[in-house]
Amino acid sequence: MNIIFQIDGGIGKNIAATAVCKAIKAQYPNDKLIVITGYPEVFLCSPYVDKALNYNNLNYFWSDNIDGQHVKMMLHNPYMETDFIAQKGHLIKVWCEMFGIKYNGELPELHLNSRELSFFGKSFGSDKPIMVIQTNGGAQNQPNKYSWYRDMPIGVAQKIVNYFAKDYQVVHIRREDQFALQNTTSVQMEFRAIATLISMSSKRLFIDSFAQHTAAALNMPSVVCWIGNLPSQFGYDIHTNIVANPPTIKPELRHSLFGKYNISGQPVEFCYNSEDEIFNVDEIIEALKSEKIGAVDANLKKKTAQSLV
């Protein structure tokens with residue numbers, strides 16, 4: 001049987017979907033799992049996916065994978081499920097149950113081979129340990145360059161960078177259309193290069209975007225800051241999840257539909273007197289200083305080091 005699993009959305013959602021793939025394969029071990037996605041690079045080297053096809057290259061898909069064959073379709077969007085909208089479960093759990101797949105606590109997985117670690121790793125050499133941060137998310141060319149709902153306030157991020165810059169090479173994952181920070185090295189590279197960078201890092205500070213999913217998929221504990229979304233829906237216990245302070249003013253929610261706030265960070269919905277009220281900078285710094293965050297998966301660290309020799 002061909003199981004056709006379609007994933008709509010960004011790269012972070014696709015990384016989360018690797019856990020769904022693992023659950024599907026556990027229930028259907030002898031069947032072929034075909035993923036349709038905008039980010040097939042996420043699924044490279046996965047032992048759970050037989051084919052990952054890009055939306056932009058689906059020529060003869062019907063003839064090759066459906067016509068005259070036994071198929072099972074998994075095409076729906078979990079964001080529209082009742083339990084997800086009602087915030088009753090993690091995205092991965094809701095996604096599995098929506099398709100009738102038993103969820104056994106599967107987590108995302110990324111598989112980097114030794115050649116990738118060696119090839120991409122040479123780009124990130126440093127005399128200091130590496131600290132990786134991601135402060136902004138969202139699609140390229142979005143109208144709002146900064147979303148108060150999701151992104152880290154630039155003043156908060158800069159204070160944290162200034163604290164660690166003396167002892168760490170701070171690498172800032174960002175696109176050219178996103179805010180830059182002083183005392184950092186900006187990086188814009190393909191996804192698997194960024195995953196290699198995260199695998200090499202000693203400390204990690206992220207928001208709810210693709211990097212925190214990547215770190216979880218590589219078993220790399222990180223500090224993740226949350227404002228609008230909930231770690232219970234999108235996060236992982238491996239991380240130290242810091243949730244924003246409660247709102248200080250009543251927001252205007254006339255445009256809310258299936259979620260309380262718009263992820264783009266509509267100014268009218270802003271629920272604080274100022275961005276300074278969102279996070280306690282000292283709390284984030286203390287979390288980053290903890291041994292848990294400094295630790296990396298021993299096997300992955302050894303594998304990375306060997307590949308760079």
(message) Between 106, 116, 283, where does the largest GNM mean-square fluctuation fall for the chain, given springs only between Cα atoms within less than 10 Å?
(response) 283
(request) Would you compute, from DSSP H runs of 4+ residues alone, the mean residue ellipticity of the chain at 222 nm, taking -39500 (n - 2.57) per run and dividing by the full residue count, rounded to the nearest 500? (result) -8500 deg cm²/dmol
(request) Place +1 on the Cβ of every Lys and Arg and -1 on the Cβ of every Asp and Glu in segment 1-98, take the dipole about the Cα centre, and give the residue among 9, 76, 45 whose Cα lies farthest towards its positive end. (result) 45
(request) Please name whichever of 185, 226, 120 sits farthest to the positive end of the charge dipole of the chain, dipole taken about the Cα centre and charges placed at Cβ: Lys and Arg +1, Asp and Glu -1. (result) 120
(message) If I build a Gaussian network model for the chain, linking alpha-carbon pairs within less than 10 angstrom, which residue out of 237, 50, 64 has the largest mean-square fluctuation?
(response) 64
(message) Rounded to the nearest 20 debye, what is the charge dipole size of segment 2-98 about its Cα centre when +1 sits on each Lys and Arg Cβ and -1 on each Asp and Glu Cβ?
(response) 240
(request) For the chain, set up a Gaussian network in which alpha carbons nearer than 10 Å are linked by springs, and say which option among 169, 87, 140 fluctuates the most. (result) 140
(request) With N denoting the number of residues in the chain, provide Rg(C-alpha) divided by 2.2 N^0.38 Å, to two decimal places. (result) 1.03
(request) Evaluate the charge dipole of segment 114-308 about its Cα centre and quote only its size in Debye, nearest 20, assuming +1 on the Cβ of each Lys and Arg and -1 on the Cβ of each Asp and Glu. (result) 580
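A short reminder: the numbers here are calculations on the coordinates, not readings from a lab. Note that the coordinates shown come from a computational prediction; the quantities given were computed from them, not determined experimentally. Positions of Cβ are generated from backbone atoms using ideal geometry, with glycine treated the same way; all protein chains shown enter the neighbour counts.
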